[in-house]
Amino acid sequence: MCSTVGELFGPYGPYFQAHSIIVLTDQPLKKILTKPDISGRVINWAFKLREFDLSYKPRTAIIAQAFVDFLIESSPQEEQGTDNQATEESSRPWTLFIDGASSKTQCGAGFILTSPKGFETRCPLRFMFQVSNNAAEYEALIAGLRLAKAVMARRVEASSNSQLVVRQVNGEYKAKKVSMSTYLKKVQEATSTFEYFTLRHILRD
């Protein structure tokens with residue numbers, strides 16, 4: 001881990017020396033680098049890293065909003081057309097496909113948000129914590145909805161292969177578990193500003 005940090009900073013040393021840097025990590029780097037009995041190699045890295053204004057914070061789970069912020073910055077902006085074109089464009093729905101899966105060894109999800117013009121944004125989500133299949137599905141849905149809201153989509157047609165999530169969102173099932181209820185509230189908040197929103201169930205391939 002220390003080696004990775006050192007290699008990252010090496011080519012850009014002069015730039016990073018002028019800034020304060022927060023290192024998000026799930027490893028006790030600060031404790032390791034300041035131990036009196038550290039090995040020679042780690043001493044070498046500790047000496048090099050002293051040139052930088054570093055602070056260490058625990059890395060928590062990667063949340064959906066972080067992906068949303070990144071995608072907004074990196075997605076190409078579509079050209080503005082005439083007023084009539086803009087009106088027609090805003091009346092056509094964006095499509096959102098979500099999927100999530102969980103196993104004993106790894107958990108992940110993802111979504112595909114497609115604009116009315118056919119531009120696709122694909123986002124994989126990896127969780128640093130254990131979640132159920134339905135929770136992973138909710139995470140993907142919330143991330144996709146936040147991105148749709150950020151790009152000012154007014155109408156969204158979403159699809160999911162989780163029957164439980166679809167029926168809870170559509171009011172057919174009650175969210176009895178606290179975790180599911182919390183997720184459901186986040187979905188309701190995210191969709192409250194849309195003119196139109198639907199979530200339909202699709203069969204898993």
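Kindly establish whether Ser160 is touching a residue at least 12 places away in the same chain (Cβ under 8 Å), polar (S, T, N, Q) and surrounded by 18 or more Cβ atoms within 10 Å (Cβ to Cβ).
In short, yes.
If you check Ala175 against the conditions, is it under 29 Å from Ser91 (Cα atoms), over 17 Å from the mean Cα position of the chain (by Cα) and modelled with pLDDT of 90 or more?
Spelling it out, it is not the case that Ala175 is under 29 Å from Ser91 (Cα atoms), over 17 Å from the mean Cα position of the chain (by Cα) and modelled with pLDDT of 90 or more.
For the subset of the range 130-151 comprising residues that are farther than 26 Å from Gln106 by Cα and at pLDDT 90 or above, which member is surrounded by the fewest Cβ atoms within 10 Å (Cβ to Cβ)?
Applying the filter and picking the extreme gives Lys149.
Restricting the search to the range 104-155, which residues are over 15 Å from the mean Cα position of the chain (by Cα) and of a type in the set (Lys, Arg)?
Lys104, Lys117, Arg154, Arg155
Is one or more of the residues making up the range 145-166 among the aliphatic types (A, V, I, L, M) and assigned to a strand (DSSP E or B)?
Checked the range 145-166: at least one residue is among the aliphatic types (A, V, I, L, M) and assigned to a strand (DSSP E or B).
Check whether at least one residue in the range 117-134 is within 16 Å of Leu199 (Cα to Cα), touching a helix residue (DSSP H, G or I) at 6+ places or on another chain (Cβ under 9 Å) and in contact (Cβ under 8 Å) with a residue 40 or more places away in the chain, and report yes or no.
yes
Inside the range 163-190, can you point out the residues that are within 26 Å of Ser115 (Cβ to Cβ) and buried (at least 16 other Cβ atoms within 10 Å of the Cβ)?
Within the range 163-190, Val165, Val166, Val169, Tyr183, Lys186, Val187, Ala190 meet the criteria.
Taking into account only those residues within the range 92-129 that are in a strand (DSSP E or B) and charged (D, E, K, R), which is surrounded by the most Cβ atoms within 10 Å (Cβ to Cβ)?
Applying the filter and picking the extreme gives Asp99.
The values are calculated or read from the model by the stated rules, or taken from the named source; none is laboratory data. As the structure is a computational prediction, the values presented were derived from the model and not from experiment. Here Cβ is always computed from backbone atoms with ideal geometry, including for glycine, and neighbour counts include all displayed protein chains.
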